[in-house]
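Everything below concerns the one structure shown next.
The values are calculated or read from the model by the stated rules, or taken from the named source; none is laboratory data. All of these numbers come straight from a predicted model, not from anything done at the bench. No Cβ is skipped: glycine too gets one built from the backbone with ideal geometry, and neighbour counts run over all protein chains shown.
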Amino acid sequence: MNNRYVIANWKMNLSLNESVQLAKKINIRLMKEIWRRQVVICPDFLSLSSLSLAFSKSKLNLGAQNVFWQEQGSYTGEVSIKNLNQLNVNTIILGHSERRTILKESSEMINKKLKLVLKYNLNPIVCIGENKEIRDKGRERSFLKKQLKETLIDIRLKKNQEIIIAYEPIWAIGTGKNMPAKEVKNMLNYIKEEIANLYNKNIANEKFVFIYGGSVDTSNIKSLAKYSDIQGVLVGGASLKLNSFIKICKNILE
Ligand code: PEP
């Protein structure tokens, strides 16, 4: 089985000082765990530089919450992959639903970003997921199929590259309404089948990793961890609390 992952998405929740303090504490708590290489911390952009220093000797991974699709140039307010690379960021979240909905990012934009992330040999986490309205109409599968197809157009993976697909139903993000573990497993299996249709079964098995996000916390992590098809979790709110986050990591990675 591919490695499992725990991704912490701190969004825009912490001050610079709070980010550094939390990162240092996580670092100390995970120092001796061999699975710490499977943990990725994604702070806001302004904290990356300080966290890069804090993590310089540990094996914790540093991730970014977004990137622009051009390498450099006149793109006011955008974030350069070259600079992320220099800060030892090795993982990038693409297409988080908050960016898709609030910032109007399209699958076409995410596709361009994905190509650049792979060109730089960084690890992409591609987020997909339906909103409540789509789920209420029972159209989540066709919606996810379309999102996957559009996001993965012309994406080819080189040796040693993989894509993490984070299935994050929008109605479950930050709401406390998490999806039952068995249903998460079924949805991830469906997504894997669709990837196999777009590529083939071998590629779906070996080059893609399927994780879940949406109100993951200490109360539901055990049931999610039981299913080997759930290859990790993307955690928002609960990743901001030291003890909860460590517990989540232990439950799914140990
Ligand atoms: C997220 O930010 O992607 C997320 C899943 O948040 P939360 O865990 O708070 O639902």
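Quick check: anything in the range 95-106 part of a helix (DSSP H, G or I), touching a Lys or Arg at 6+ places or on another chain (Cβ under 8 Å) and over 27 Å from Ser56 (Cβ atoms)?
yes
Do you know which of the residues in the range 49-77 that are exposed (fewer than 14 other Cβ atoms within 10 Å of the Cβ) and closer than 14 Å to Lys113 by Cβ is nearest to the chain's Cα centre (by Cα)?
Across the range 49-77, the extreme among qualifying residues is Glu71.
Answer with yes or no whether Leu198 is within 29 Å of Asn121 (Cα to Cα), more than 16 Å from the ligand (Cβ to nearest atom) and under 17 Å from the mean Cα position of the chain (by Cα).
Against the criterion (within 29 Å of Asn121 (Cα to Cα), more than 16 Å from the ligand (Cβ to nearest atom) and under 17 Å from the mean Cα position of the chain (by Cα)), Leu198 does not qualify.
Can you tell me which residue is farthest from the ligand (Cβ to nearest atom) among those in the range 202-216 that are surrounded by fewer than 20 Cβ atoms within 10 Å (Cβ to Cβ) and more than 19 Å from Gln38 (Cβ to Cβ)?
Taking the candidates together, the pick is Asn202.
Residue by residue through the range 211-254, note down the ones that are among the hydroxyl-bearing types (Ser, Thr, Tyr) and in a helix (DSSP H, G or I).
Matches in the range 211-254: Ser223, Ser239, Ser244.
Could you check how many residues of the range 78-130 are surrounded by fewer than 17 Cβ atoms within 10 Å (Cβ to Cβ) and under 13 Å from the mean Cα position of the chain (by Cα)?
Number of matching residues: 1.
Please go through the range 1-35 and give me each residue that is in contact (Cβ under 8 Å) with a residue 40 or more places away in the chain and either under 20 Å from Lys57 (Cα atoms) or assigned to a strand (DSSP E or B) (or both), ordered by number. Please lay out each step first, then the result.
So the first thing to find is which residues in the range 1-35 are in contact (Cβ under 8 Å) with a residue 40 or more places away in the chain, and the list is 1-11, 13-14, 22, 25-26, 29-30, 33, 35.
Answer for the range 1-35, where residues must be in contact (Cβ under 8 Å) with a residue 40 or more places away in the chain and either under 20 Å from Lys57 (Cα atoms) or assigned to a strand (DSSP E or B) (or both): Tyr5, Val6, Ile7, Ala8, Asn9, Leu22, Lys25, Ile26, Arg29, Leu30, Glu33, Trp35.
With a cut-off of at least 1 residues that are in contact (Cβ under 8 Å) with a residue 24 or more places away in the chain and within 21 Å of Glu98 (Cβ to Cβ), name the helices (runs of 4 or more DSSP H) lying wholly within the range 134-210.
In the range 134-210, 140-151, 181-198 are the helices (runs of 4 or more DSSP H) which contain 1 or more residues that are in contact (Cβ under 8 Å) with a residue 24 or more places away in the chain and within 21 Å of Glu98 (Cβ to Cβ).
Go through the range 51-80 and report how many residues are out of contact with any strand residue (DSSP E or B) (no Cβ under 7 Å at 6 or more places or on another chain), at pLDDT 95 or above and small (Gly, Ala, Ser).
4
Take Ile163 and tell me if it is among the β-branched types (Val, Ile, Thr), surrounded by 16 or more Cβ atoms within 10 Å (Cβ to Cβ), within 13 Å of the ligand (Cβ to nearest atom) and within 22 Å of Gly236 (Cα to Cα). Talk me through it step by step, then tell me what you get.
On the way: among the β-branched types (Val, Ile, Thr): yes; surrounded by 16 or more Cβ atoms within 10 Å (Cβ to Cβ): yes; within 13 Å of the ligand (Cβ to nearest atom): no; within 22 Å of Gly236 (Cα to Cα): yes.
No; evaluated as a whole, the condition is false for this residue.
Just a yes or no: is a residue in the range 169-176 of a type outside the set (Lys, Arg), touching a strand residue (DSSP E or B) at 6+ places or on another chain (Cβ under 6 Å) and closer than 20 Å to Lys222 by Cβ? Lay out the reasoning, then the answer.
First, the residues of the range 169-176 that are of a type outside the set (Lys, Arg): 169-176.
Add one more test, that the residue is touching a strand residue (DSSP E or B) at 6+ places or on another chain (Cβ under 6 Å), and what stays is none.
Checked the range 169-176: no residue is of a type outside the set (Lys, Arg), touching a strand residue (DSSP E or B) at 6+ places or on another chain (Cβ under 6 Å) and closer than 20 Å to Lys222 by Cβ.
Test each condition in (1) under 25 Å from Lys113 (Cβ atoms); (2) within 10 Å of the ligand (Cβ to nearest atom) for Lys177 and report the one that comes out false.
For Lys177, the exception is condition (1).
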